[in-house]
Each structure stands twice: as C-alpha cells, then as structure tokens.
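Notes for the one structure printed next.
The values are calculated or read from the model by the stated rules, or taken from the named source; none is laboratory data. Because the structure is predicted, anything quoted here is derived from the model rather than measured. We place every Cβ from the backbone using ideal geometry, glycine too, and count neighbours over all the protein chains shown.
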Amino acid sequence: MDTNGSVFNFSGRLDEIANRTNAAADVATWNFWTIFNIFIQFSPLLTNGGVLYLFAREPSLLTPFTVYAVNLFIANIITVIFHNPLDVVGKLYSTWWIGNSLCTMAQYTSYVFCGGMCNAHALIAMNRLWAVTFPVSYLQKHQLKFAVGVCLSMWIYLNICVIPGILLDVFVYRPPVEIKGSNIATDAPYEWLLIMQMLIFNLPIVIVLLVFPVVCWKAFRVPAVRVRPKVETNITSRQTATRPIEAGTVAKTGGQDANNVEGPVANPAIKVSLRKINRNFIVLCLMTIGVLARFAPDQVYFTLLLFNINVPGIHPIGSMLFEFISILDPIWLVLTLTELRSAFHRVYILRSG
C-alpha cells in the first residue's frame, strides 16, 4: 500500500470536510441546516447536564454501575464544550483563521473527547458482561472505587495513545494552517493514523457488538437467587449463627445451586441486586443501538478513507447521528432506572409544580 498516497488522500478528504469551500473566504455560510446542526451539537448540554445535576444533588444515585453512565455523560459534555465550537468554525468558514493552537486543540478533542464517548460505551458493555456472566462475583467485588478507577484509566489510556501523534504533528509534520487549514486527523504518519483509528474508535464498537449477544443470552439465563436458611442442629451451627453473614455469601457445599445464599436469615439484597442486573441490561440494549447509530457510519467512513476508499454521503449523515444520539443517552438512562426516574420527578417536576 502506498502509505504516502493514503495519508495525502485521507488528509485531503478531511480538509474538505473541515474547510468547506465558500464563495467568499472567511464569510460564514448560514442556512437552515447549518442552524439546525448547531442546535443539535449543543443540545446535549441540556440533557446530559440535567442528569449530572441529579447525581450532584442526590449522591445516593451514584452506584458502581451508574459511575460508567456518569463517565459517558461527562465525555458528552466536554465534547460539546471544547470540541463542537471548533467543529462549527471549521464547517462555517473556508479557512482556518483562529490560529495554530486551536488547531492543536481541535485535534486533541477530536481524538480524546470524541474517543472518550466511544470508549465509555465500551466500558458500559463490559460492565454488563461481567454482571450477567458472574453475577455473584460482580455484586461482591464491584465497588464504587473500582468503577471510578476504571473510568480514570480509560482517560489515561486515551491520552497516552493520542498525545505522541499530536506532538509529531505540531513539531514535525504540520504545514502552516494559514495555507492548508487545520487537519483534524493530524498529519502524523499513516501508521499512527491507522492504529489510532482502530484502537480508539473501531475497537470499542467491536467490543460492544461482540458483548451484546453474549449479554442477551446470559441475561435471560440468570436464575433468581434462592435463599436457603441454615438449620441450627448443633452447637456449632448456633455459634456460627451469632456471627454476621456477609452479604452475598455463596453456598459451597457440593451439589448445591451456586446461587443459593447460605445463612440463618434471608438476604433479599442479593435477589434485588440481581434483578437490577437484568434491568440494567435494558440500558445496554438502548445504548448498543445508540453506538451503532452514533459511531458506525462515521467510523466506517474514516476507516475506508485510510484505505483510499471514499463513499460520498456517509459523513454528513454520520455527523448528524453522532450529535443527535448524545442527546438521547441520558434520556434512556432516566427512563430505564427507577431511582433516577424518581429523582428526576422530585427535582424537575415537583419543584416546578
């Protein structure tokens, strides 16, 4: 493969996307679709910010599972704030007139923040896979600190991947933006572009698509937890009964159901939690549909460009879907989770009534 030609073609196509040719340079082109697109790009601030406010107001809503949803909402919001204004400038004007530093910022936000949105969906899918595949292990070991650590690790991973390529672009490969404009994909080597496209955008989509059928199959096969009270027949058992039983203790006697919880007192917390696992499965269904609609068209387009294949018409549709699904992410979560729906009712409906 002619990598030089691939880079030139890929960069050229992206320049066409970011710097649309207008009749008069530096004169913004306004029409209905431009205004509608800007409205869609900034609407996620309302929905994502509104749901994040619920978590700030009622911290009890923050659970190990909802941490991953909050991570997604944060990625949506910082993309709207830091990336979308630069994207709007690139689409409205025929030249990049806001300087070299903001070109670097546009590149960074395009990879890290937009990539963070994609990877946040993958984390939610992997979380659901653990929940339905090893439910007792999930309930015992998946704690709030662990979830926060996983989300922070995702952002560290993205920065480690992206920053070297952007530095290469800034100090080695980038031509003057006044002449060529700002290339959102950077002018770094073709190999780096290909690896970043596969790791940051394509791999999370593949993970979601592979996890989804497994979660579907497992979610409907998770049996209800049956609590088997322990019969006190001797002194040892009575002594054991005086010690506190940890929530989620699993019977280990041969031949017993792995979901039986052993203890003198029924522990309904495990049963309720397992019902929540299956309920949260609905969130994964909705967000998987969102991933397909939101990321697949655009990422198919950019991946094909790396191999010198241009499919006209995909990018405008993909860009609109990318922004529109950001609005729906928090709405789906509110409609699915009872506690969040109740908080929404208390904060936004009862207060305004």
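Can we say A75 is closer than 22 Å to N119 by Cβ and among the small types (G, A, S)?
Spelling it out, A75 is indeed closer than 22 Å to N119 by Cβ and among the small types (G, A, S).
What pairs can you find where one residue is in region 159-172 and more than 23 Å from M117 (Cα to Cα) and without any contact (Cβ under 8 Å) to a residue 24 or more places away in the chain, the other is exposed (fewer than 13 other Cβ atoms within 10 Å of the Cβ) and of a type in the set (D, E), and their Cβ atoms are less than 6 Å apart, with a gap of 6+ or different chains?
none
Residues checked against (1) basic (K, R); (2) under 17 Å from the mean Cα position of the chain (by Cα); (3) over 24 Å from F42 (Cα atoms):
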| residue | (1), (2), (3) |
| --- | --- |
| D87 | no, no, no |
| L92 | no, no, no |
| W96 | no, no, no |
| A125 | no, yes, yes |
| A131 | no, no, yes |
| P135 | no, no, yes |
| K141 | yes, no, yes |
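Out of the residues in region 22-65 that are within 20 Å of R294 (Cβ to Cβ) and polar (S, T, N, Q), state the one that is surrounded by the fewest Cβ atoms within 10 Å (Cβ to Cβ).
By that ranking, first place goes to S43.
If a residue must be in contact with a Leu (Cβ under 9 Å, 6 or more places away or on another chain) and either at pLDDT below 90 or of a type in the set (K, R) (or both), how many such residues does region 58-92 contain?
1
Looking at S319, S342, which one is over 16 Å from the mean Cα position of the chain (by Cα), modelled with pLDDT of 85 or more and part of a helix (DSSP H, G or I)?
S342
When region 178-195 is examined, which residues are found to be surrounded by fewer than 21 Cβ atoms within 10 Å (Cβ to Cβ) and either among the β-branched types (V, I, T) or free of Cβ contacts under 8 Å to residues at least 60 places away in the same chain (or both)?
I179, W192, I195
Can you tell me which residue is surrounded by the most Cβ atoms within 10 Å (Cβ to Cβ) among those in region 322-335 that are over 14 Å from L72 (Cβ atoms) and modelled with pLDDT of 80 or more?
Here the answer is F324.
So for region 111-132 (the condition being among the β-branched types (V, I, T), touching a Lys or Arg at 6+ places or on another chain (Cβ under 8 Å) and surrounded by 22 or more Cβ atoms within 10 Å (Cβ to Cβ)), does at least one residue qualify?
Yes: one or more hits.
Answer with yes or no whether L321 is without any contact (Cβ under 8 Å) to a residue 40 or more places away in the chain and closer than 20 Å to S43 by Cβ.
Spelling it out, L321 is indeed without any contact (Cβ under 8 Å) to a residue 40 or more places away in the chain and closer than 20 Å to S43 by Cβ.
What's the number of the condition V112 fails, among (1) assigned to a loop (DSSP other than H, G, I, E, B); (2) under 23 Å from S153 (Cα atoms)?
(1)
What residue, among those in region 303-316 that are among the aliphatic types (A, V, I, L, M) and either in a helix (DSSP H, G or I) or at pLDDT 85 or above (or both), is farthest from F201 (Cα to Cα)?
I309
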